[in-house]
Ligand SMILES: Nc1ncnc2c1ncn2[C@@H]1O[C@H](COP(=O)(O)OP(=O)(O)OP(=O)(O)O)[C@@H](O)[C@H]1O
Ligand SMILES: [Mg+2]
């Protein structure tokens with residue numbers, strides 16, 4: 001058995017330590033088009049939050065605001081109590097220096113729809129790169145842990161392979177291991193299975209379920225209703241840049257209160 | 001005979017080659033023994049060494065400054081972008097020959113080049129000090145800027161403009177998802193560039209850089225106009241005009257340039273193989289030595305045969 005270290009506390013203590021993610025009135029525009037129109041959200045530590053919504057509703061944009069890949073125009077986002085991307089001084093917000101933004105991102109893992117593995121590096125190098133470069137972990141130590149993580153996602157025999165030699169499902173599992181190598185407190189998933197052939201979706205969802213069971217805090221943008229129902233602790237339905245409805249996933253999926261939620265679920269179920 | 005056309009072609013080529021060899025062997029103008037004697041003489045070898053030194057230093061300046069210019073060109077800062085654009089515009093517009101002569105004559109502008117407080121004399125005058133000077137060190141421009149350094153700067157600065165465009169194309173060829181994934185892991189922009197983007201851009205950068213290097217080898221002969229005399233072609237021509245054996249020395253120059261180019265091509269082959277790691281399903285280089293030689297006009301018979 002290899003052990004997967006997750007720094008998030010299990011459910012019991014979560015209420016004491018405050019939410020892992022808190023968003024308040026988050027606004028984001030691209031040019032003159034407002035994509036996020038005041039998003040409020042709370043994700044407790046150890047919770048799996050599923051983000052659903054039609055295409056173009058702003059799910060990816062919101063996810064990218066959480067690790068400051070997109071700058072927000074108004075509102076605030078805290079991760080584990082730290083204000084993201086800005087420093088508050090004398091009631092005013094000051095933009096953080098690039099170095100500090102990068103440091104904040106180290107605690108937040110992200111998995112992309114198109115995997116985005118580094119094609120010029122082997123699977124092992126992909127996982128080892130960031131910890132060695134950023135956390136000053138010794139090479140040998142980082143390698144051991146990377147091998148453990150890859151074993152854990154079922155790729156213990158692919159350490160020397162290049163991403164181009166792997167299937168989509170295998171690549172996505174490497175991407176998850178790569179993010180976990182930084183020992184994040186929060187994992188963001190942006191449609192992690194949408195680019196996969198149907199028969200490969202299961203292997204990636206299994207890894208994510210495993211991670212959820214271990215108490216990792218996760219925000220997952222997905223169209224996999226089954227996953228949301230089975231693993232999700234909380235479901236947020238977005239449309240047109242606002243949160244339309246949220247609550248217990250089983251509850252919302254069984255009895256959507258809002259017309260737009262009902263229409264969307266009718267299409268994906 | 002399954003390919004009659006091929007056999008006809010081979011026959012025709014065979015006859016042409018035979019005629020060419022006949023010409024090489026029988027025509028007195030080639031004067032082979034004289035050529036072989038002269039092409040390894042110390043001044044010629046010295047000239048070859050000078051040409052290679054110019055090639056290496058000017059390409060180092062070109063590549064180094066080219067990378068900096070490309071990064072400036074792609075930055076969000078409009079001033080940096082503008083400066084890089086203006087630089088590229090200037091050095092691509094002026095012919096290398098003109099640049100080389102221009103740099104050889106820069107000594108006319110300043111007798112000495114000195115480093116220190118700019119406009120020191122004017123500042124001194126402002127405070128009523130006559131002939132105030134705040135200069136840290138200096139050297140004679142005529143000494144430095146004539147000769148090798150002038151040629152090196154002219155070629156290197158001009159090369160940087162071309163390299164900037166090549167590096168920019170390379171950087172832009174890397175998928176943006178790569179930058180995003182690396183930033184999401186917590187890499188700073190400089191780290192992303194160094195560890196993730198540039199290594200992948202190299203696949204696009206190396207082949208045209210090989211071309212640039214070969215073109216530069218040939219352009220080193222321009223420094224004769226600086227004037228610099230420790231340069232291969234200048235030395236061979238000098239022998240030619242001194243002995244009235246112009247033609248053998250032209251052939252000698254051709255052979256030297258062919259030889260050096262062939263060595264460069266071998267280097268390029270290994271560089272390309274190194275930077276194509278992970279590309280394609282096989283994860284191996286797809287380019288072959290034969291392929292590169294053919295691309296460059298197949299002039300490297302020895303290399304292509306291996
Ligand atoms: N960089 C950008 N520049 C301009 N517009 C953008 C940009 N990124 C996203 N948008 C726009 O913002 C809106 C929301 O996009 P977003 O990607 O967040 O939607 P989504 O909910 O993730 O949709 P999907 O399910 O298709 O991924 C879309 O209308 C999109 O066109
Ligand atoms: Mg999206």
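The values are calculated or read from the model by the stated rules, or taken from the named source; none is laboratory data. Everything numeric in this text was worked out from a predicted model, so none of it was measured. Every residue, glycine as well, gets a Cβ built from its backbone with ideal geometry; the counts of neighbours run over all protein chains shown.
Residues in the stretch A:115-130: is at least one more than 10 Å from chain B (Cβ to nearest Cβ), touching a helix residue (DSSP H, G or I) at 6+ places or on another chain (Cβ under 7 Å) and not in a helix (DSSP H, G or I)? Scanning the stretch A:115-130, I find no residue that is more than 10 Å from chain B (Cβ to nearest Cβ), touching a helix residue (DSSP H, G or I) at 6+ places or on another chain (Cβ under 7 Å) and not in a helix (DSSP H, G or I), so the answer is no. Only one of the listed residues (A:49, A:65) is modelled with pLDDT of 95 or more, within 14 Å of another protein chain (Cβ to nearest Cβ) and within 16 Å of ligand 1 (Cβ to nearest atom). That residue is A:65.
The single condition among (1) more than 16 Å from ligand 1 (Cβ to nearest atom); (2) in contact with a helix residue (DSSP H, G or I) (Cβ under 9 Å, 6 or more places away or on another chain) that residue A:198 does not meet is (2). So which residues in the stretch A:95-114 are closer than 25 Å to residue B:279 by Cβ, assigned to a loop (DSSP other than H, G, I, E, B) and more than 8 Å from chain B (Cβ to nearest Cβ)? A:113, the sole residue that qualifies. In the stretch B:206-230, the residues that are at negative phi form Cβ pairs under 6 Å with partners that are surrounded by fewer than 19 Cβ atoms within 10 Å (Cβ to Cβ) and outside any helix (DSSP H, G or I), at six or more places apart or across chains, as follows: B:228/B:147.
Each row is one residue, and each column tells you yes or no for (1) modelled with pLDDT of 95 or more; (2) more than 10 Å from ligand 1 (Cβ to nearest atom); (3) on the phi > 0 side of the Ramachandran plot.
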{"position": "A:6", "(1), (2), (3)": "no, yes, no"}
{"position": "A:18", "(1), (2), (3)": "no, yes, yes"}
{"position": "A:23", "(1), (2), (3)": "yes, yes, no"}
{"position": "A:26", "(1), (2), (3)": "yes, yes, no"}
{"position": "A:29", "(1), (2), (3)": "yes, no, no"}
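Mind counting the residues in the stretch A:153-184 that are in contact (Cβ under 8 Å) with a residue 40 or more places away in the chain and within 13 Å of another protein chain (Cβ to nearest Cβ)?
At the first step, the residues of the stretch A:153-184 found to be in contact (Cβ under 8 Å) with a residue 40 or more places away in the chain are A:153-154, A:162-164, A:166, A:168, A:171-172, A:174-184.
Keeping just the survivors that are within 13 Å of another protein chain (Cβ to nearest Cβ) gives A:162-164, A:166, A:171-172, A:174-184.
Qualifying residue count, the stretch A:153-184: 17.
When you look at residue A:88, is it within 16 Å of ligand 1 (Cβ to nearest atom) and either more than 10 Å from every other protein chain (Cβ to nearest Cβ) or not in a helix (DSSP H, G or I) (or both), yes or no? Here the answer is no, as residue A:88 does not meet what is asked. Annotation note: of B:220, B:254, the sole residue that is surrounded by 15 or more Cβ atoms within 10 Å (Cβ to Cβ) and either closer than 27 Å to residue B:157 by Cα or within 14 Å of chain A (Cβ to nearest Cβ) (or both) is B:220. Selection of the stretch A:28-52 for residues being within 22 Å of residue A:109 (Cα to Cα) and within 12 Å of ligand 2 (Cβ to nearest atom) yields A:51, A:52.
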